[in-house]
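These notes concern the structure reproduced below.
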DNA sequence: GGGAAAAGTTGAACCAATTCTAAAATTGAG
DNA sequence: CTCAATTTTAGAATTGGTTCAACTTTTCCC
């Protein structure tokens with residue numbers, strides 16, 4: 001199955017993503033013209049649209065890589081969580097937030113979020129929703145784990161708590177990327193303060 | 001100060017907003033061409049750009065009207081809240097949600113939200129952030145009121161709870177407008193379920 | 001190894017938002 | 001009433017994402 005055509009296809013995908021990543025960073029999302037991405041990737045404009053439905057989908061591919069990395073890093077925390085509820089949540093959320101600006105600038109996040117609400121049915125829109133869902137599920141898994149260990153009361157509505165925590169974190173993150181001068185440390189502190197209320201409510 | 005020019009200006013503003021509201025509804029945001037809005041409002045394209053920086057700002061003006069109406073309706077609840085925490089929150093949030101589709105379609109909300117994250121520093125972006133903040137403050141005011149009445153424990157971090165409730169509601173609302181088939185009743189039920197956890201945590 | 005079908009590539013053309021320009025209209029101060 | 005300042009207007013020019021019909025390349029089968 002690994003004919004010439006397959007290899008060329010994979011290669012073009014990679015070249016487009018590499019070119020787009022560099023240009024999005026340098027010139028911003030709007031500033032990165034499709035023409036420039038095409039030129040840098042050494043393909044034609046038409047080819048880009050053969051691989052991605054629109055400009056947003058290119059960004060989408062980059063975002064998906066970032067989020068998947070974060071999900072991976074989170075698995076470790078779910079498997080062996082810190083021995084108290086507040087720290088467990090803070091550690092998991094910390095991983096999400098601290099990794100968030102590794103590959104994506106705030107401007108790229110803003111664009112990605114905007115596109116995902118603007119075109120929820122586009123490939124990217126659906127993928128983004130799935131990623132949010134995966135993060136929610138990971139937080140829910142952590143809550144479930146803490147219930148097993150006996151750190152969280154068994155009679156708590158775990159899925160609802162998980163979604164509540166994710167929604168709050170996500171909204172705080174949205175506001176964070178909207179303000180260029182906002183700092184990660186402040187974001188984490190604010191979320192910790194909010195979660196404190198939940199922690200006392202659900203802790204055994 | 002109410003010369004002819006002032007009145008004409010106000011009139012043109014109104015005509016543009018009316019035309020845009022109708023066309024956004026009929027043709028969707030993307031489908032409503034500036035040219036068509038200009039024609040229906042009986043002004044030139046240039047005039048529209050003289051009144052609003054861009055297409056998004058026109059939508060922004062409509063959103064602001066809607067949200068201000070909702071804020072107004074919410075004041076009554078804060079002044080005389082239902083006599084238990086869960087109902088109080090549910091009533092206020094119910095007002096927000098039930099009014100939300102009066103003037104704005106889901107598609108218009110999607111566009112408005114997208115633009116506000118995409119261009120947080122545009123007039124509309126800043127206005128939208130201010131509206132979110134006003135809603136947050138109203139929820140906080142309700143919590144404070146409930147603390148006065150003695151329905152919510154005095155040692156609770158009111159501002160943090162208020163923000164947590166708003167963020168969760170807002171995120172749920174975003175997901176709601178992203179799915180055309182999602183229903184208001186389901187949205188409210190889901191939020192109630194999430195808030196139940198907080199209610200037990202903060203109730204006296 | 002040849003040739004037809006399938007798959008992929010290309011860039012010029014299209015479309016709609018936005019900007020720009022110069023002319024026409026309206027206002028308010030004196 | 002008159003004129004300078006401000007606004008509005010129409011429409012041409014610009015811009016950049018997206019589409020499409022013609023052309024290449026790859027594959028596959030004999």
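Values in this text are rule-based calculations from the coordinates and carry no lab data. Note that the structure is predicted; figures quoted are calculated from it, not measured. When we count neighbours, we look across all protein chains shown, and the Cβ atoms used for this are built from the backbone with ideal geometry, even at glycine.
Suppose we filter B:184, B:174, B:202, B:197 for residues that are within 9 Å of chain A (Cβ to nearest Cβ) and farther than 26 Å from residue B:150 by Cα; which single one remains?
Details: B:184 fails: within 9 Å of chain A (Cβ to nearest Cβ); B:202 fails: farther than 26 Å from residue B:150 by Cα; B:197 fails: farther than 26 Å from residue B:150 by Cα.
One residue alone meets the criteria, B:174.
Cβ-Cβ contacts under 6 Å between residues 6 or more apart (or on different chains), taken from a first residue in region B:100-127 that is within 11 Å of another protein chain (Cβ to nearest Cβ) to a second residue that is part of a helix (DSSP H, G or I) and surrounded by fewer than 17 Cβ atoms within 10 Å (Cβ to Cβ), are listed as B:107/B:28.
Please determine, by comparing only the residues of region B:119-129 that are part of a helix (DSSP H, G or I) and surrounded by fewer than 22 Cβ atoms within 10 Å (Cβ to Cβ), which one is farthest from the chain's Cα centre (by Cα). Spell out how you get there, then give the answer.
Taking region B:119-129 as the starting set, the residues that turn out to be part of a helix (DSSP H, G or I) are B:123-129.
Retained after the next criterion (residues that are surrounded by fewer than 22 Cβ atoms within 10 Å (Cβ to Cβ)): B:123, B:125-127, B:129.
On the way: B:123: 16, B:125: 13, B:126: 13, B:127: 11, B:129: 10 Å.
Step by step, filter region B:119-129, then rank; the result is B:123.
The set of residues from region B:42-58 being more than 9 Å from DNA strand D (Cβ to nearest atom) and crowded, with 19+ Cβ neighbours inside 10 Å comprises B:52, B:55, B:56, B:57, B:58. No other residue among A:141, A:160 is within 11 Å of chain B (Cβ to nearest Cβ), part of a helix (DSSP H, G or I) and over 14 Å from the mean Cα position of the chain (by Cα) apart from A:160.
Selection of region A:3-29 for residues being within 9 Å of DNA strand D (Cβ to nearest atom) and free of Cβ contacts under 8 Å to residues at least 40 places away in the same chain yields A:3, A:4, A:5, A:6, A:7, A:8. Inspection of region B:143-153 identifies no residue that is under 26 Å from residue A:136 (Cα atoms) and buried (at least 19 other Cβ atoms within 10 Å of the Cβ).
Looking only at residues that are within 10 Å of DNA strand D (Cβ to nearest atom) and more than 19 Å from residue A:107 (Cβ to Cβ) in region A:30-41, which one is surrounded by the fewest Cβ atoms within 10 Å (Cβ to Cβ)? Working first, answer last.
First, the residues of region A:30-41 that are within 10 Å of DNA strand D (Cβ to nearest atom): A:30-38.
Among the residues that remain, those that are also more than 19 Å from residue A:107 (Cβ to Cβ) are: A:35, A:38.
Details: A:35: 11, A:38: 19.
Residue satisfying both the conditions and the ranking: A:35.
Against the definition (out of contact with any strand residue (DSSP E or B) (no Cβ under 6 Å at 6 or more places or on another chain) and over 18 Å from residue A:104 (Cα atoms)), how does residue A:5 come out, yes or no? Walk me through how you get there before you give the answer.
Working: out of contact with any strand residue (DSSP E or B) (no Cβ under 6 Å at 6 or more places or on another chain): yes; over 18 Å from residue A:104 (Cα atoms): yes.
For residue A:5, the condition - out of contact with any strand residue (DSSP E or B) (no Cβ under 6 Å at 6 or more places or on another chain) and over 18 Å from residue A:104 (Cα atoms) - is met.
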